[in-house]
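Working notes for the structure below.
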Amino acid sequence: MDEFIRMAIISRPEAEAPQPAEIEAWAKAAVARGANTLLLRHSRAAWVEAVLPALQPLRRTGIQVGINTDWKQFMNTIKLYDFIHLKSNYFELYTDEMLFDLIAKLQDEDKYLSAACHTEKEIRLAGHFNLNWVVVSPVFRTATHPKQSPMGLRKLIDYIAVARSLELPVIALGGIKTSDEPALRAAQAAGWAAIGAFA
């Protein structure tokens, strides 16, 4: 993670059928707006599997592509993505043995593993598992989670300090706009992620 990350999250309603051409067009537009990383987020692994091939042309230009779904179905197609992103409750869903095995397999393929974090405890747990980075949220109020209280920039700075002590880069998420990037860089974030800012 030498480059400052601008991650566009591609998320669609659960019932929506996969539309690879539409996702590819959205992803290209996001890259044109400055995204250098794409994250496919969907609860149905079949949806992700259907649209993942459409992002391969962008990967060949250097754009990183990650998946946020049931990763166990994607270990045989590991060459189609660059990282796996886990939900914040991953440590409740998988045993330590499963996680360390996953990390070893990804490292063997020069891939990465990240996780969502909302608390200092979750950040420290990510450090324990030696994840590659964490996505901390929500920094600001967001339309997708209007009832969730934002942490604000000051709390984000505190979390970044904890993560840096664990050599863990932090990607900020939640209500972030392009104009917030200078403040995030000053806070020593490794990047930021959004849906709306790249739409």
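Here, each number is a calculation from the coordinates, and none is a lab measurement. No experiment lies behind these values; they were computed from the predicted model shown. Virtual Cβ from ideal backbone geometry, glycine too; neighbours counted across all protein chains shown.
Just how far, in whole angstrom, is the range 82-131 from the range 150-191 if you go by their alpha carbon centroids?
Between the Cα centres of the range 150-191 and the range 82-131 lies a distance of 19 Å.
Using Cα positions and a limit of under 16 Å, work out the aspartates and glutamates in reach of K155, with same-chain residues fewer than 8 apart set aside.
Hits, sequence-local ones excluded: E120, E122, D180.
Would you mind working out the magnitude of the charge dipole of the range 5-198 relative to its Cα centre, with +1 at each Lys and Arg C-beta and -1 at each Asp and Glu C-beta, to the nearest 20 Debye?
Magnitude of the dipole: close to 640 debye.
Hey, what did the range 1-137 get for relative contact order, percent, Cα under 8 Å, at least 6 apart?
18
Show which lysines lie in cross-link reach of K79 when reach means a straight Cα distance below 19 angstrom and same-chain residues fewer than eight apart are skipped.
Leaving aside lysines fewer than 8 places away in the same chain, those within reach of K79 are K105, K111.
What is the spin-label model distance, in nm, from K155 to A21 if the labels are put 7 Å beyond Cα along the C-beta direction?
So the label points at K155 and A21 sit 4.4 nm apart.
What order do you get for M98, M7 when you list them from fewest to most C-beta neighbours inside 10 Å?
M98, M7
Using 0.36 nm times the number of residues separating H118 and F4, minus their current alpha carbon distance, what extension gain do you get?
The H118-F4 span can extend by a further 38.9 nm.
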